[in-house]
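*Asks:* Mind having a look at this structure? Questions to follow.
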Amino acid sequence: MSRLKLAIICMCFSAAGGVSAEDEALPADIDSVSLSRLPAVERDALDAEGQRVYDLVAGRDRTTPLLGPGGISLYSPGVAEPMHHLNTYLRQRGVLGPALTEVAILVAAWEFEQAYEWAAHEPAARRFGVPDAVIDAIKYDRAVAGLPAQESTVIRFGREIFREHELSSETWAEAVGHFGRQGTLELAAVMGDYVMAGVMLHAVDQRIPPDREDTLPRR
């Protein structure tokens, strides 16, 4: 996509009252279309291999600029492709299933203070039926007493890993009891996947698009 088309998209957002109000406050190094330090990758500017990976990550929609982790990763197609395959497997075919995967993503996003990821996955968690009590326990750092057993285990698993940098034998055994060894490893992989994306998002200072609500409490 040409820079002209990207500029037109940005103008459309401005006309709708989206980017324009926020744009005035953006730091000088933030691109007004990508809302990060990296302008959106233009497919036509990539070589054949880069275009192949672009099409893989973009799917059928190859006209809208790719934002967030997918768009950022395309600056290195060799990074973008394995990230895409890992994320697709974990979300679509992993042992945990979509609801518990979203719980794990929210834990990682909260612990890593990644507002962009939280803004995308709090609504996703609700779409997959994650109870409000579970979301709020993560969101407001509440005790997990009274929550469903599997969700409670996921939350405590993440809190131990991120805060203590180790996992107790008891929590490991509990996770294996719920999810099996493969599922427990994939639980750790989901959290690691979203922390990896979160590092990239923090590095490029990715801002939240105007069509999403920033609901992550600041600590």
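Computed from the coordinates by the stated procedures, all read-outs in this text should not be read as laboratory data. This structure is a prediction, so every number in the text was calculated from the model and none was measured. Heads up, the Cβs are rebuilt from the backbone with ideal geometry, glycines too, and the neighbour counts pull from every protein chain shown.
*Asks:* With only Lys, Arg, Asp and Glu charged, each at its Cβ (+1 for the first two, -1 for the last two), find how big the charge dipole of the range 129-219 is about the Cα centre; round to the nearest 20 debye.
*Replies:* 140
*Asks:* What FRET efficiency do you get for H165 and S76 if R0 is 35 Å and r is their Cβ-Cβ distance, rounded to the nearest 0.05?
*Replies:* Once the sixth-power term is evaluated, E becomes 0.80.
*Asks:* How large is the dipole of the chain about the Cα centre if only Lys and Arg carry +1 and Asp and Glu carry -1, each at its Cβ, rounded to the nearest 20 debye?
*Replies:* 400
*Asks:* Another question, then. Would you mind telling me which residue in L96, L147, L35 has the biggest mean-square fluctuation in a Gaussian network model of the chain, where springs connect alpha carbons within a distance under 10 angstrom?
*Replies:* L147
*Asks:* How large is ³J(HN,Hα), in whole Hz, for each residue of the range 133-146 in order, when computed from phi with the Karplus curve 6.51 cos²θ - 1.76 cosθ + 1.60 and θ = phi - 60°, using x for Gly and Pro?
*Replies:* So the J values, rounded to whole Hz, are 4, 6, 4, 5, 4, 6, 4, 10, 6, 8, 5, 9, 4, x.
*Asks:* Output the Kirkwood hydrodynamic radius of the chain, Cα pairs only, in Å rounded to one decimal.
*Replies:* 18.5
*Asks:* Given contacts defined as C-alpha pairs under 8 Å and at least six residues apart, what's the relative contact order of the range 29-93, whole-number percent?
*Replies:* Reported relative contact order: 29 percent.
*Asks:* Can you tell which of D47, D132, D31 shows the greatest fluctuation in a Gaussian network model of the chain with Cα springs below 10 Å?
*Replies:* Greatest mean-square fluctuation among the candidates belongs to D47.
*Asks:* So what is the relative contact order for the range 96-196, in percent, with contacts set as C-alpha pairs under 8 Å and at least six apart?
*Replies:* So the answer I get is 36 percent.
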